[in-house]
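**Q** Have a look at this one.
The values are calculated or read from the model by the stated rules, or taken from the named source; none is laboratory data. Worth saying up front: this structure is predicted, and the values here are computed from it rather than measured. All Cβ positions, glycine included, derive from the backbone under ideal geometry; neighbour counts span all protein chains shown.
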Amino acid sequence: MEQPKEKGFKIVFQKTAEKELNSLPKRDYEAVKKAILSLAINPTPHGVKSLKGKYKGFYRIRQGNYRIVYQIINGQLIITIIRIGDRKDVYQ
């Protein structure tokens with residue numbers, strides 16, 4: 001996936017998250033991709049949630065029925081996308 005031209009955070013994907021993104025329907029893929037790319041400029045947008053339990057230390061944003069789970073590494077300006085999935089089963 002291409003990076004935005006603006007300076008900011010670099011976005012990297014875990015292999016499973018990349019597979020999950022590529023398996024989305026085209027319309028949903030475009031919307032989720034846009035939401036992910038926007039994280040490079042603002043890693044904590046309005047509506048972001050800090051997760052608890054198994055995903056403590058991670059964040060999630062919503063895009064329609066999908067959830068994007070990610071980690072922010074501030075010292076290196078990196079955002080790692082951990083999971084992308086439907087809201088009902090993304091945390092399992």
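**Q** I'm trying to understand the selection: among the residues of the stretch 19-44, which are closer than 24 Å to Gln92 by Cβ and in contact (Cβ under 8 Å) with a residue 24 or more places away in the chain? Full working, then the answer.
**A** Keep residues of the stretch 19-44 that are closer than 24 Å to Gln92 by Cβ, which gives 19-25, 28-29, 31-33, 35-36, 39.
Answer for the stretch 19-44, where residues must be closer than 24 Å to Gln92 by Cβ and in contact (Cβ under 8 Å) with a residue 24 or more places away in the chain: Glu20, Leu21, Leu24, Asp28, Ala31, Val32, Lys33, Ala35, Ile36, Leu39.
**Q** Among (1) surrounded by 18 or more Cβ atoms within 10 Å (Cβ to Cβ); (2) at pLDDT 95 or above, which single condition is Ala31 missing?
**A** Status for Ala31: all satisfied but (1).
**Q** Now for a separate question. Working only within the stretch 33-78, note down all residues that are under 21 Å from Ser23 (Cβ atoms), assigned to a strand (DSSP E or B) and not basic (Lys, Arg).
**A** Ile61, Gln63, Tyr66, Ile68, Val69, Tyr70
**Q** Then there is this: Regarding Lys5, is this residue in a helix (DSSP H, G or I) and either over 21 Å from Lys88 (Cα atoms) or at pLDDT 95 or above (or both)?
**A** Values: in a helix (DSSP H, G or I): no; either over 21 Å from Lys88 (Cα atoms) or at pLDDT 95 or above (or both): yes.
Considered against the rule, which asks whether it is in a helix (DSSP H, G or I) and either over 21 Å from Lys88 (Cα atoms) or at pLDDT 95 or above (or both), Lys5 comes out as no.
**Q** I'm told Gln92 meets every condition in (1) polar (S, T, N, Q); (2) touching a residue at least 12 places away in the same chain (Cβ under 8 Å); (3) assigned to a loop (DSSP other than H, G, I, E, B) except one. Can you identify the failing condition by its number?
**A** Here Gln92 meets the rest and fails (2).
**Q** Here is a further query. Do we find that Gly47 is touching a residue at least 24 places away in the same chain (Cβ under 8 Å) and not aromatic (Phe, Trp, Tyr) in this structure?
**A** On the way: touching a residue at least 24 places away in the same chain (Cβ under 8 Å): no; not aromatic (Phe, Trp, Tyr): yes.
No.
**Q** Ok, one more. Do any residues in the stretch 64-85 that are at pLDDT 95 or above have Cβ atoms under 9 Å from those of residues that are of a type in the set (Gly, Ala, Ser) and part of a strand (DSSP E or B), where the two are at least six apart or on different chains, and which pairs are they?
**A** Tyr66/Gly85; Arg67/Gly85; Ile68/Gly85; Val69/Gly85
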